[in-house]
Amino acid sequence: MPRTVWSGAISFGLVTVPINVQSATEDHSVRFHQYHLEDMSRVRVRKYCEIEDREVSTLEIGKGYEVSPGNVIAISDDDLAGLPLPTARAIEIQAFVPLDSIDPIRIGEGYYLQAHGSVAAKPYKLLVKALGRSSKVAVAKFAWSGRERLGLVRVRGDALVLHAMRWDDEIRDPADLGLPAADLTGDEIDRALALVDGEDH
């Protein structure tokens, strides 16, 4: 059974639907550990304090933000939880747009939105049907891990799926790649198009 990542609500217009957010994917990758080849003992990463020149335990480690070189401010989980994020535990739909208007490079991992309780069943299904018939997706804002995120809500089967999306400033400009210039003839382009269309094997 999938684990609920968090519970909250999705809202559109005057309608609010209680939901559970669950992972929509599973990772079946083979995991390897690092071993010392001479005696096959496990090699582990140790957390080390540079100033005290000693290994530290997990209980001694916290988060921090470096304001300037050497000037670090400690940030606790309580600090993050207390941030005034308007979308905390809520997915607020901002607009409905055609899916092909969104660059796929912006779309991240998917999570199923499960209607929470019998009272949520009807408005949940209403949103599923409306999105399905309109062939549109919803662009939404939500808070996760202490920061406001951009999201995309779409229909898959009879379920809603939330995808985290990247903000504009998180997408690198392809011009930064410094791609080399190349001259192409019309015939070369036509042959490439034929391959794409499956006309040439």
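The values are calculated or read from the model by the stated rules, or taken from the named source; none is laboratory data. Not measured: the values here are computed from a predicted model. With ideal geometry, Cβ positions are generated from the backbone for all residues, glycine too; neighbour counts draw on all protein chains shown. For the accessible areas, the whole protein counts, side chains as well, though only heavy atoms, and no ligand, DNA or RNA atoms are used. Shrake-Rupley method; radii C 1.70, N 1.55, O 1.52, S 1.80 Å.
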Next item on the list: Being at pLDDT below 85 and either open to solvent by less than 90 Å² (accessible area, probe 1.4 Å) or in contact with a Leu (Cβ under 7 Å, 6 or more places away or on another chain) (or both) is the filter; apply it to segment 32-79 and report the residue that is nearest to ARG147 (Cα to Cα).
Entry: ASP79
Margin query: Cβ contacts < 8 Å: first residue farther than 20 Å from TYR124 by Cβ and of a type in the set (D, E, K, R), restricted to segment 156-180; second residue modelled with pLDDT of 90 or more and not in a strand (DSSP E or B), any location; separation 6+ or different chain. Result?
Written below: ARG166/ILE105; ARG166/ARG106
Check: Which one of the conditions (1) of a type outside the set (Gly, Ala, Ser); (2) under 30 Å from ARG133 (Cβ atoms); (3) loosely packed, with under 11 Cβ neighbours inside 10 Å; (4) touching a Lys or Arg at 6+ places or on another chain (Cβ under 8 Å) does ARG106 fail to meet, given that it meets all the rest?
Finding: (3)
Checklist line | segment 106-130 - residue that is part of a helix (DSSP H, G or I) and in contact (Cβ under 8 Å) with a residue 40 or more places away in the chain and, of those, nearest to VAL15 (Cα to Cα) | finding: PRO123
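Yes/no matrix, rows are residues, columns are (1) of a type in the set (Asp, Glu); (2) under 17 Å from ASN20 (Cβ atoms); (3) under 16 Å from the mean Cα position of the chain (by Cα):
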site: PRO98; (1), (2), (3): no, no, no
site: TYR112; (1), (2), (3): no, yes, yes
site: ALA115; (1), (2), (3): no, yes, no
site: ARG147; (1), (2), (3): no, no, yes
site: ALA164; (1), (2), (3): no, yes, yes
site: ALA181; (1), (2), (3): no, no, no
site: LEU184; (1), (2), (3): no, no, no
site: ALA192; (1), (2), (3): no, no, no
Margin query: Exactly one of these conditions fails for ARG133: (1) open to solvent by 70 Å² or more (accessible area, probe 1.4 Å); (2) in contact (Cβ under 8 Å) with a residue 60 or more places away in the chain. Give me its number.
Written below: (2)
Checklist line | Only one of LEU184, LEU162 that is part of a loop (DSSP other than H, G, I, E, B) and either open to solvent by 100 Å² or more (accessible area, probe 1.4 Å) or under 19 Å from ILE105 (Cα atoms) (or both) | finding: LEU184
Checklist line | Which numbered condition TYR124 misses (of (1) open to solvent by less than 50 Å² (accessible area, probe 1.4 Å); (2) closer than 14 Å to ILE93 by Cα; (3) touching a helix residue (DSSP H, G or I) at 6+ places or on another chain (Cβ under 8 Å)) | finding: (3)
Notebook entry, point to check: Taking the condition out of contact with any Pro (no Cβ under 7 Å at 6 or more places or on another chain), closer than 17 Å to ARG149 by Cβ and assigned to a helix (DSSP H, G or I), does ILE93 pass?
Noted result: no
